[in-house]
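Here's the structure we're looking at; comments come further down.
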Amino acid sequence: MTDNGPGVLDFSAVKKQIVYMVGEQKSHENIYQKKVEKALEELKRWQDWPLLNFKLSQSKTSWLTAQDFSEPLTAFSPLPPKPKQFTVIATDGSQIFPDRHEIALCYLINISSIVLHYGTGERPLLTSRPTLFYKEEDLYKEWNQHKVPVDGEMVGILRNLMEFQELARLVAHTREQSGIGGQEDIGTEGYENKKIGKHGMGYNTEIPERSDFKGVDDFPHPHAPASPHPCVSASPQVALYDGTLIFWHLEATPEDFSAYILREFLKVLDNFQKWRVPIAGYISYPRSADVIHTLRVGMCPERFVNCDKCPYRDLPELPCEPIQGVIDQTIFSYLLEPGERSTVFKSTSKILKNYGSHTIYFFYLNVGSEIARVEIPEWVAKNQNLLALTHAVIYDQVEKGQGYPVSLAEAHEKAVVRGSDRELFYRLLQDALVQQNIRVQSSCKSQKKRQISI
Amino acid sequence: MKETHIAEVIESNTTEMIAQCRDLHCSPPFGSFVKVKPTSTSVEGAGFLIYGLVFNVMTNSIEPNRRAVAYGKTEEELRNEQPQIFELLKTEFQAHLVGYQDQTGIKQILPSQPPRIHSFVYTCSLEEVREFTRQSDYLHTLFTISRVPPDELIIATIRNSLEAHAEDAHQYLIQVGKELSRLLREDYDRLSSILRRIAP
């Protein structure tokens, strides 16, 4: 008999495989380094960047590229000064996925709300709010006239939408508090408010619900200059989101569902644009290679690239292959000093065709500990003030959070639903069912997982 | 005037309780009297006013798996640059239960039931302190506390309560002095050390 240690996993067997894995990676290291050097050469070669931009716009590739840049690829911007006073708003979410083996089919989404004021001495807000979904329309979505059960993927997307809606709600509230604007349609008509309104779920935030907001009469015109209200706080706001602003995973969900999510999401972005409050998606340790792909287009000898009709397939190595496998953050780690950001690129993700004026741009930022990717809507990318504000505030947030934006770290802490919370949730549910004399039944599989006899 | 509570009971047992302060760093002083008002007069066993004596004050993280770290900045700088940390800290205090009040008056006896969790805690007014410290029987129970030096607690308690006896301070000191000399009759050095430090 072999002793596998305390758990089930045979670590002695795993260890051997780890050794092989690391050995193989080691042997690839030199090759990768050469690829990186080649990529850097390519990056510097494109001094005629408008030509590359043009070639990209006329090319058809299977990969995502970085487009619409307005300066050389090697251009960088130094860290702009941050405002004396500003407010950072962040949210995050966590969930208990629907589990058909459990005693009842339902799911829970917990959304955190973080508002941190800097330089004003105002009290920050750190809170979270759970919402339980259990109705027929929550559990099944229509797709091609068929009802499909909501799966983990869809719950995740719904959660993302709720995070965005919460960001908008927090900005609206902060603006209202500082007297800038009243209640606008902040695009939170979706699940969140519907749920809370109907079921009155536990609500521990100090922020009033929509019904408590004042009217929209004094809301300034979106393009009006700064509000003349006497007690307007001049401190700018920045909203941070943990992850990508590109809803690419919507492509695999039911049409009705994805259309609904997109519509609500764009409504949120509309409001941010009206308020001129930049919203940014922060991606730590990004694995994206959009800029590398752009260079690969540049390396192709064809005038315009069409990967489907690649004439070089018979060659031992394609002309674009020497830098394949390199990721953007690696090359920017050679180019950017702490605080500096890359030039701003446009993403070519397919889903962005639906984004209208909110199409997503991105830049890479050396935050000191790593190269992060920051995604912003077009109206932030094209506005130097909003861009500089986003750049300065995100760098400062990472500095304050010692490696990761402090607001997003707190948002995560407030939102996270751990395994033990899940257990407690199902125990509470079971107790409530028993109290109402409802027969409690879970699948044999789920029962077996809890108690296995010898 | 309606009294405002300063803390809320979050843990209690027969001899002591832990209360979380409403505001950070706003604990009643070490060696001061607090009272727990009955949560509900209609609930049996929850109907007495309970007196406690603060013997330990602590400030720490609200989340057990997170600890405060040194930032090397002044509190003002921290409030400007890291405002969230003050929301993640809490101040709590432990109070030793020294007596209760029923219809017949104050008893320096442990209450039959400890204060209920989530009951509100209030500071005691000077009149209440004067009323409670008319007798010094409670002093001997303070020697049973092991987490803080009991002598320090006794000194702080007596010095704090002196203010409530502004009019009969001399008389009050004689009363507690007699009680202490009874309690410490076999340890003259300790007694004289306490008496020296109680002297106003």
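Bear in mind these aren't lab numbers, they're just calculated from the coordinates by the rules spelled out. Predicted, not measured: the structure shown is a model, and the values here were computed from it. Virtual Cβ from ideal backbone geometry, glycine too; neighbours counted across all protein chains shown.
Tabulated data
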item: Förster radius 25 Å - calculated FRET efficiency between B:Thr104 and B:Glu127 (Cβ-Cβ, nearest 0.05); result: 0.85
item: Mean Cβ neighbour count within 10 Å, used as a protection proxy, ranking A:428-436, A:344-352 highest first; result: A:344-352, A:428-436
item: Nitroxide proxy distance, nm - points 7 Å out along Cα→Cβ at B:Asp168 and B:Phe143; result: 2.5
item: Listed peptides A:361-368, A:35-42, B:8-15 by packing density, highest first (mean Cβ within 10 Å); result: A:361-368, A:35-42, B:8-15
item: Stretch gain in nm, segment A:Tyr334-A:Arg100, where the contour uses 0.36 nm per residue and the Cα spacing is subtracted; result: 79.3 nm
item: Contact order relative to length of region B:126-200, as percent, for alpha carbon pairs under 8 angstrom and 6 or more apart; result: 35
item: Cα gyration tensor, region B:1-124 - rounded (a/c under 1.5), prolate or oblate; result: prolate
item: Gain on full stretching of the segment that runs from A:Leu9 to A:Ser443 - 0.36 nm per residue minus C-alpha separation; result: 153.7 nm
item: Gained length - A:Glu41 relative to A:Lys60, 0.36 nm times residue gap less alpha-carbon distance; result: 4.5 nm
item: Inter-label distance, nm, simple model (7 Å from Cα along the C-beta direction), B:Tyr188/A:Val22; result: 7.2
item: Ascending count of other beta-carbon atoms within 10 Å, so fewest first, for B:Ser119, A:Ser357; result: A:Ser357, B:Ser119
item: At least 15 Å along the helix axis (C-alpha) and Kyte average at least -0.5, DSSP helices within chain A; result: A:152-177, A:255-275, A:384-400, A:419-435
item: Scattering curve values for chain A, log₁₀ I(q)/I(0), Debye with Cα scatterers, q = 0.07, 0.10, 0.11 Å⁻¹; result: -0.44, -0.88, -1.02
item: Interatomic Cα distance distribution for region B:126-200, bins of 10 angstrom, percent; result: 19, 57, 23, 1
item: Computed over chain A: relative contact order in percent, which uses C-alpha pairs under 8 Å that are six or more apart; result: 23
item: Proxy reagent accessibility, fewest Cβ within 10 Å first, across B:Arg182, A:Arg159, A:Arg341; result: B:Arg182, A:Arg159, A:Arg341
item: Average other protein chain Cβ within 10 Å of Cβ, residues B:77-84; result: 6
item: Sparsely packed trypsin sites (Lys or Arg not before Pro) within region A:266-336, loop by DSSP, other Cβ within 10 Å at most 10; result: A:Arg287, A:Arg303, A:Arg313
item: Point-to-point label distance, A:Cys310-A:Leu428, nm (Cα→Cβ direction, 7 Å offset); result: 5.4
item: Helix-only CD estimate at 222 nm, as mean residue ellipticity for the protein assembly as shown, using -39500 (n - 2.57) per DSSP H run (n ≥ 4); result: -11000 deg cm²/dmol
item: Other protein chain Cβ atoms within 10 Å, averaged over every residue that makes up A:404-416; result: 1
